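First up is the structure itself, then whatever we jot down about it.
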Amino acid sequence: MKFYKPLLCIVAMLFALLPAQASESKKEGLDLQGILFGHIQDSYEWHVTDIGEHSVIIHLPIIVKSSTGWHVFCSSEFEHHANEEGNRPGPYGLYISGSEANEGKIVEYINGQEVRPLDISITKTVVVLFIDAIILLLCILIPARWCSKHKIDDPAPKGFTGFMHMFIMYVYEDIIASILGKEARKYAPYLLTCFFFIFFANLMGVMPFPPGGGNLTGNITCTFFLAFCTFIVTNVTGTKEYWKEIFNPDVPTWLKLPVPLMPFIELFGIFTKPLALMIRLFANMMAGHAIAISLTCLIFVMYGIHAIAGTAMIPVSVAMSIFMMLLEVLVCFIQAMVFTMLSAVFISLAHVKEHEVA
């Protein structure tokens, strides 16, 4: 029965959203693009759901430095609805812009132009990042505390601690150690952190209600930072032979002189590897969220055509959405595994040993 509780929550939230969205689709036409990007993109407030005409919103702190100095206030001080210009006015001459250049960002007018102030606000993505970090620490420190109090020959732990032991050992032995071999222990802390951080962030993105709902790994800034960390670890720990094969590879001389064709290709490859990590994780997670939301929006699209068509689409859309959500859970694990595995492969390739002379 526990397995069906998340599915029931999804269905309940879907039916809670249905009346308001259906009536809106009849009166004004459904803004599919707005709904889609409203769930995927970052925001200064956490929109949970709509119950009738009432919106359930978690307001987040705003921290900006504008032309008049530092300001700290709550996002509830911005108007909920946009004005005729598409902006949401707020205090201190600030507003959330509706323009194409700064859409959804806090700006102010200076000399008749929109200017973005220094913005270090706690947005929805940042909150999810903090929650993900706390969950990661708990899932690692609790088993680590058990290990510090027990001996190697003690009986294996049970419950949550036993599950995390099994999970951690699976990732270490089957992914990290199988690629890095003897050097696995050296890089296991970083690679295990990558795996579990991405895995928990992916799961929280699939969860349709707080503390989930934030599309952390569907944010390219997050995936860029993770890929950048792998880039630093790979190249800082690279051996002399690794750098020799980049700038002076063992190829015919005409491929190196007078035009350094092969060194350029090898050097270019240093940057394409982390780029592939960044794009793969970002695209897969964002696409999964977009498909799941699009399937739900089919109900409202059909309601815009006719009430009977919308009602008939409900069981089909709900079934397809549930299937997509379950598939997303599998994708959450696969994407964390692929990122960790490829990071381990790139680190292994940077540890080239000197060739023995026969």
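The values are calculated or read from the model by the stated rules, or taken from the named source; none is laboratory data. Model, not experiment: these values are computed from the prediction. What goes into the accessible areas is simple: the full protein's heavy atoms, side chains included, and nothing from ligands, DNA or RNA. Shrake-Rupley method; radii C 1.70, N 1.55, O 1.52, S 1.80 Å.
Observations on the model:
- Its Cα gyration tensor gives the chain an equivalent ellipsoid. The semi-axes, each the square root of 5 times an eigenvalue, are 43, 29, 22 Å from largest down.
- Karplus-derived 3J(HN,Hα), 6.51/-1.76/1.60, for each residue of the stretch 339-345, Hz, glycine and proline x: 4, 5, 5, 5, 4, 5, 5
- Rounded to whole numbers, the Karplus 3J(HN,Hα) couplings from phi for the stretch 112-128 are x, 10, 6, 10, 8, x, 5, 10, 10, 5, 8, 7, 4, 5, 5, 4, 5 Hz, using 6.51 cos²θ - 1.76 cosθ + 1.60 with θ = phi - 60°, and x at Gly and Pro.
- Here the Karplus relation 6.51 cos²θ - 1.76 cosθ + 1.60, evaluated at θ = phi - 60°, turns the backbone of the stretch 256-269 into coupling constants of 10, 9, x, 9, x, 5, 5, x, 5, 5, 5, 5, 5, x Hz, with x for every Gly and Pro.
- Axis angle, to the nearest 10 degrees, between helix 159-171 and the longest C-alpha principal axis of the chain: 50 degrees.
- Candidates D132, D42, D153, ranked by Gaussian network fluctuation over the chain, Cα under 10 Å, top entry: D153
- Surface accessible to a 1.4 Å probe, per residue, for the residues of the chain, Å²: 57
- Proximity of backbone amide H atoms, modeled 1.01 Å from N, is registered between M207 and G213 at under 5 Å, excluding neighbours fewer than 5 places apart on the same chain.
- By accessible area, using a 1.4 Å probe on protein heavy atoms only, the chain has 68% of its surface on carbon and sulfur.
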